[in-house]
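The numbers here are math on the coordinates, done by the rules we state, and not lab data. All of these numbers come straight from a predicted model, not from anything done at the bench. Positions of Cβ are backbone-derived with ideal geometry, glycine not excepted, and every protein chain shown enters the neighbour counts.
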Amino acid sequence: MPAVKPKSKPRPEVLPGVRHPMEKYLRTDRLPHIWCSGCGLGIALSSFLYAIEELGIDPNKVAVVSGIGCSGRFAGYVKMDSYHTTHGRAIPFAVGLKLANPDLNVVVFSGDGDLFAIGGNHFIHAARRNADITVLCVNNFNYGMTGGQLGPTTPPEARTTTSPYGNFEHPFNLVYLAASAGATYVARWTTLHARRLKESIKEALQHPGFNFIEIISPCPTNFGRRNRLRDALDEMRYYADKAVIQHGVDPAGAEVVPGKEFIVGKFVDVRKPTYLELYRKKTEELAARFG
Amino acid sequence: MTNKTTARDALGPADKRILAGIHFMNGDEAIAEGAIAAGCKFFAAYPITPQSEIAERMARRLPQVGGVFIQMEDELGAMAAVIGAAWGGVKAMTATSGPGFSLMMENIGLAVMTETPCVVVNVQRGAPSTGLPTLVGQGDMMQARWGSHGHYEIIALSPWSPQEAFDLTVKAFALSERFRVPVLIMTDEVVGHMYERVEIPEEVPVAQRRKPKVPPEEFLPYKPEEDLVPPMACAGEGYRVHVTGLTHDERGYPAMDPDTHDKLVRRLCEKILRYRSEFTWYEEIMLEDAEVAVVSYGISSRIALGGVELAREKGIKAGLLRLITVWPFPDEAVRRVAERVKGLVVVEINLGQIAREVERASRGIVPIQGVFHAGGRIHTPEEVLAGIEEVLKCRQ
């Protein structure tokens, strides 16, 4: 029997000696990442890093919080204060972090299952309170990390390992959910719309309050393979074909239905006082009354 | 590790951190005051009986001292927010009772794994399940020890009076910073709702967080110092640390191999066990000549003292070993007492959780009589006396 080779992790070098311009924001000693080829998480990550770069935000003042899953690994790759928490609890962790240190720009990066199934309650309450955090949800319509199970955004009739005969559950329309729960910035993009996504992240990072961006992403390994989108490019072509850019649309009608056109763009951009602003106002009133 | 801060410095003239003086308050309120005095600046919780008086007091008090109170949507969120706040650089606490304690378990494990200092209060009530929401219990003692998945060590303290609830809360914050571990205050409905004299001193020590001593490029967030505890770089301090509940190496990076895992889990346990003598607090009452020792904690130990006094009146040489630190279990104290008595009696409001530990620590060298009640009421001193008489019969 041949000796078992230790697991080696070669650094991929597409062009020898050429470094990615966003490397300075990455823990390069943790590369290569664990994401599958064709996955949209890399595009989401680079869009976020370019947004930080172009805004000139001090990376020492950005904290990234993730839950569990493929998107949960986000926090592990960014060279910032980064927290890989428990399944579904990225948002309450981020809420505590932001309240303890309001100087931080706190960004939650997680997936549809983490944020909307096991962590759904925290999402609606953080939105209701207008907690001053930015939530970036990479929606790949299934639980990729655990092998492709049914999730809260899995479209009707889609095949997953736990909906082998086709999904018969009603899925969430994430932008509608966010808007109705009180989010003050709501947008949806796909990983095909990398530049628009980056611009949207820039807006969210500068917008005080609860910001939500849904990032629709291919998952060729677990979702696409079982749903006639075997190749990541097939899914990108699908986005190019079906995504309609429109701003200010009522999110109630902006469902993502397979085979039909769907809306991407900005749905909500309003300003209202954040939890901390209101808390401080109360505290100041208290101080004025009692000294 | 600590420096003294008085009511008049540090936080300016409007400082209301320490309400020095003599108060008439219940155990829940005393815990809240202990937390504020110890420098707690963040409290997240979800309402639950019989904990609500803690949350209500914190909601009133934290805005007065520049802290933040938030009522979360559930206990899962409360515990997560507390861990987040601790990484934001402040002292943080949550409080709950049995059902909420169950919901907090996963994130208590996250706090253990990520070495996050925080304080968790459980005002115990009758259980399992919804049980007896308004009535006393002590059935969460083993859950406190093993409730989160995996093997770990944790510190749990159990007060028998509102005064001790105040004192132990202050100590809990110091221990959580010293060992970077969640510290549990395992109190109960009766101590929580009992009104008594509580004296708050002029000075209360504020524990300091251990900070990195090297620049960011040299800093390894999970490289322990000599005492096995690593310094803690919080968010925004320029260290850009990665913190994960996955098994991690000294860089804080996930490392999926059995050796790293074994090394990490052993250190997380050893950092507490090695120094347990520093905080293994207990009280020995009338034990010098005792033939029977009653072992108890929390409200039950107070009743047990009544039982010991009844026994003395009848000429039975009984004494009390009152456990203040319940986890790690005070093995040595129990063993030493067991070696010089004819029998042990364990009084607790469950059907024998700490009794198992007493049996283990005493290595079965003397008979043990349990005086147990499932919950809903405290014992009577007469029941304790009966237990003392019963265990003496075993020897005859």
TODO: Give the residue from B:P254, B:I324, B:V214 lying farthest towards the positive end of the charge dipole for chain B; charges sit on Cβ (+1 for Lys and Arg, -1 for Asp and Glu) and the dipole is referred to the Cα centre.
DONE: B:V214
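If you wrap a convex hull around the C-alpha atoms of the range B:2-207 and split its volume per residue, what is the figure in Å³? Please list the in-between numbers first.
Details: hull volume 19.6 nm³, N = 206.
Dividing the Cα hull volume of the range B:2-207 by its residue count gives 95 Å³.
Rounded, prolate or oblate: which fits the range B:234-310 when a ≥ b ≥ c are the square roots of the eigenvalues of the alpha-carbon gyration tensor, with rounded for a/c under 1.5 and prolate only if a/b beats b/c?
On the way: a/c = 4.02, a/b = 2.90, b/c = 1.39.
Prolate shape, in that a/c is at least 1.5 and a/b is the bigger ratio.
Counting only helical runs of four or more DSSP H residues, what would the 222 nm mean residue ellipticity of chain A come to if each run contributes -39,500 (n - 2.57) and the total is spread over all its residues?
Numbers: 8 runs with 88 residues, N = 291.
Mean residue ellipticity, 222 nm, calculated: -9000 deg cm²/dmol.
May I ask you to derive the relative contact order of the range B:283-395, considering only C-alpha pairs under 8 Å and at least 6 residues apart, and to give it as an integer percent?
Details: 229 pairs, mean separation 36.3, N = 113.
It comes to 32 percent, rounded to a whole number.
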Task: Given A:K98/B:K171; A:K98/B:K263; A:K61/A:K272; A:K79/B:K211; A:K198/B:K211, the pairs whose alpha carbons are separated by over 25 Å - done: A:K98/B:K171; A:K98/B:K263; A:K198/B:K211
Open item on the list: Per DSSP helix of 4 or more residues, -39500 (n - 2.57); summed, then divided by the residues of chain B. What does that give at 222 nm, rounded to the nearest 500?
Closed with: -11500 deg cm²/dmol
TODO: For chain A, build the charge dipole from Cβ charges (+1 Lys, Arg; -1 Asp, Glu) around the Cα centre, then report which of A:H193, A:S71, A:F212 sits farthest towards its positive end.
DONE: A:S71
- [ ] Return the long-range amide H neighbours of B:V121 (sequence gap of 5 or more, or a different chain), with a cut-off of under 5 Å between placed amide H atoms.
- [x] B:T94, B:A95, B:T96, B:I185
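Given the range B:320-360, what whole percent of its Cα pairs are spread farther than 15 Å?
On the way: 297 of 820 pairs.
Here the long-distance tail beyond 15 Å is 36 percent of all Cα pairs in the range B:320-360.
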- [ ] Go from 0 up to the bin containing the longest alpha carbon distance in the range B:283-395, width 5 Å each, and give me the % of pairs per bin.
- [x] 2, 14, 27, 28, 19, 7, 1, 0
Open item on the list: Only Cα pairs within less than 10 Å get springs; with that Gaussian network setup on chain A, which residue of A:V186, A:V270, A:V135 has the largest fluctuation?
Closed with: A:V270
TODO: Indicate, rounded to the nearest 5 percent, the antiparallel portion of the DSSP beta bridges found entirely in chain A.
DONE: 20
Task: Principal axis box of the protein assembly as shown, alpha-carbon based, largest edge first, Å - done: 92, 78, 52
Task: At q = 0.13 Å⁻¹, base-10 log of I(q)/I(0) for chain B (Debye sum, equal scatterers on each alpha carbon) - done: -1.06
Task: Net charge, B:R322 excluded, C-beta distance under 13 Å - Lys, Arg +1, Asp, Glu -1 - done: -3
TODO: Show me B:37-49, B:199-211, A:194-206, A:239-251 ranked by packing, highest mean number of other Cβ atoms within 10 Å first.
DONE: B:37-49, A:194-206, B:199-211, A:239-251
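If the convex hull of the alpha-carbon atoms of the range A:35-290 is projected onto planes in all directions, what is the mean projected area in square nanometres?
Average of the hull's projected areas for the range A:35-290 equals 13.3 nm².
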Task: Amide proton proximity set for B:G252, modelled H, under 5 Å, gap of 5+ - done: B:Y222
Task: Whichever lysines have a C-alpha closer than 23 Å to that of B:K393, once near sequence neighbours (fewer than 8 apart) are set aside - done: B:K314, B:K317, B:K342
Open item on the list: To check you understand DSSP bridge types, tell me what percent of the beta bridges within the range A:179-291 (both residues inside) are antiparallel, rounded to 5.
Closed with: 30
- [ ] Take every DSSP beta bridge whose two residues both sit in the protein assembly as shown, then give the antiparallel share in percent to the nearest 5.
- [x] 30
- [ ] Distance between Cα centroids, the range A:235-291 to the range A:144-178: provide it in whole Å.
- [x] 23
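Enter the mean number of other protein chain beta carbons within 10 Å of the beta carbon of each residue in B:230-238, as an integer. Could the numbers behind the result be given before it?
On the way: counts 0, 0, 0, 1, 6, 17, 14, 3, 5.
The per-residue average across the peptide is 5.
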